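Throughout, read-outs are computed from the coordinates displayed, never taken from laboratory work. These numbers were taken from a predicted model, which means no experiment stands behind them. Positions of Cβ are generated from backbone atoms using ideal geometry, with glycine treated the same way; all protein chains shown enter the neighbour counts.
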Amino acid sequence: MDLSVSGADGGAMTTTLTVGAMRYDTTAALFDGAVTVPGYDVEMRTGPVVPDLFARMMRDREFDVSELGMGFYLRTLDEPDPPFVAVPAFPNRVFRHSCVYVNAHSGIETPGDLHGRTIGEFGMYSQDSGVWAKGILSDEFGFRPERCRWVIGGLDAPMAPFDFVPQRRPPGVEVTPEPQHALSDMLERGEIDALFSANVPRCVQEGSPHVRRLFPDHAAVERDWYRRTGLFPMMHTVVVRAEVLAEHPDLAKAAYQGFLDAKDVARDHYLGMGRRLYQVHTMMPWMSALVEDDLALMGEDWWPYGIEGNRAAVETFLRYQHEQGISSRRLAVEDVFVQELLDT
C-alpha cells in the first residue's frame, strides 16, 4: 500500500501514513492524536490480538509502519530482498520468568526438572517470549531446550502453527504441531508437562488447582534478575516497509520520533500526574507504590528507546536466537536497525 497524498482547494499537500500497532500506554498518544509522526498525517490501525496485526503486516504488507515481533522481523532479514527496516522503538516489553507454567502434578519444581518433558508453546517454537524464557533459563539454570519435546498450537483454542512466517525447527529439537487441542487444556489435563506462553492461559485465569507457574513469586525473581543484568526484554520493535522508505527517506527517523514521543507521553504521566494524584488515576490499589518501587529499581527512563539504552538487551536476544538454532548466523545490532538511527 502506497502512502496517499491529498490536498484540497490549493491547500498544502499532506501525506497519510498507515500505522499498525496495538493500543498500549506506550502507543495510546498516537491513537488519540496527542502526538503524530512528524511530517505525516497518521491513520492508526489495530487488531483484536497481536498475531492478527503481525499476519497483516507479514502476509499482506497492510501498513506503511508497524509494530512487529522482533523474531518475526529477524526472519525477514533472511530474504534476498528484506521487506522491512527496523527502528529502535520497543512498544512491548515484558519480563519473562512469569511465562513458564507447569502441571502441578508433573513433579516439576525447578528449571532442571523441565528436561525430558513435553512443553507447549503458542504459535511457533521461536516466538519472542519463548526465546527470552529459554535463553534466561539457559543462562541462569543450565536449561537446554533440545532436551525437551515441544508441542506448538493455540493457547485457549485449537490452532495450527502460524503460517505467515517460516517455522524454524532447529536440528536436534523435537517440535510437533498440535492443531486439534488447546494448549491450556492439555496442560490442565497433564497431556503436556509445561507451557511457555506470552499470555496467561485460561486454566490459570480460572484458578485451576492443576496448573501453576514455575516461579510462583515471579516478580521477585524478575526484579532480582534485572538488578543483576540490567536487561528489560523487548518483545516487539517498529518496522517501516522498505519500498515506502525508498520513496520517503525521512520516514525512519520520523517513525522513530513518533513512537518515542508517544512513549514519553505515557512515561511523563506516570512521573507527573500519576504520582501527584495518588491512586486516583487507576482502579488498582497500591499502583502508586508499585510505580515508586519500579523507579527506585529502574530509574526514570525505565523503558528506553534508541540503541544506547537497549544495546545489551538486543545483543542478548540475538545471542539467544543463535544459540537456540533459530538464526543461521549471529546477528549484530548494526545488522538489525536502520543505519541513521544507530547513534540514538
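For this structure, a couple of remarks:
- Arg329 versus His218: modelled label distance in nm, points set 7 Å from Cα along the beta carbon direction: 3.6 nm
- Dipole moment magnitude, nearest 20 debye, the chain about Cα centre, only Lys, Arg, Asp, Glu C-beta charged: 900 debye
- Residues considered: Trp286, Trp302, Trp150. Largest GNM mean-square fluctuation over the chain, using C-alpha springs under 10 Å, is found at Trp286.
- Cα gyration tensor, the range 213-344 - rounded (a/c under 1.5), prolate or oblate: oblate
- With a cut-off of 10 Å between beta carbons, the residues surrounding Tyr40 carry a summed charge of -4, where Lys and Arg count +1 and Asp and Glu -1.
- Dipole in debye (nearest 20) - the range 114-229, about Cα centre, beta carbon charges: Lys, Arg +1; Asp, Glu -1: 320 debye
- Kirkwood-Stokes translational diffusion coefficient of the range 258-320, alpha-carbon pairs, 37 °C, 0.692 mPa s, µm²/s: 246 µm²/s
- Over the chain, equivalent-ellipsoid semi-axes from the Cα gyration tensor in Å: 34, 25, 19
- Highest-fluctuation residue, Asp193, Asp128, Asp41 considered, GNM on the chain with Cα pairs under 10 Å: Asp41
- Treating each Cα of the range 114-229 as one equal point scatterer and applying the Debye formula with no solvent, the log10 of I(q)/I(0) at q = 0.17 Å⁻¹ comes out as -0.86.
- Cα centre as origin, Lys/Arg/Asp/Glu Cβ charges: the range 122-163 dipole, Debye: 220 debye
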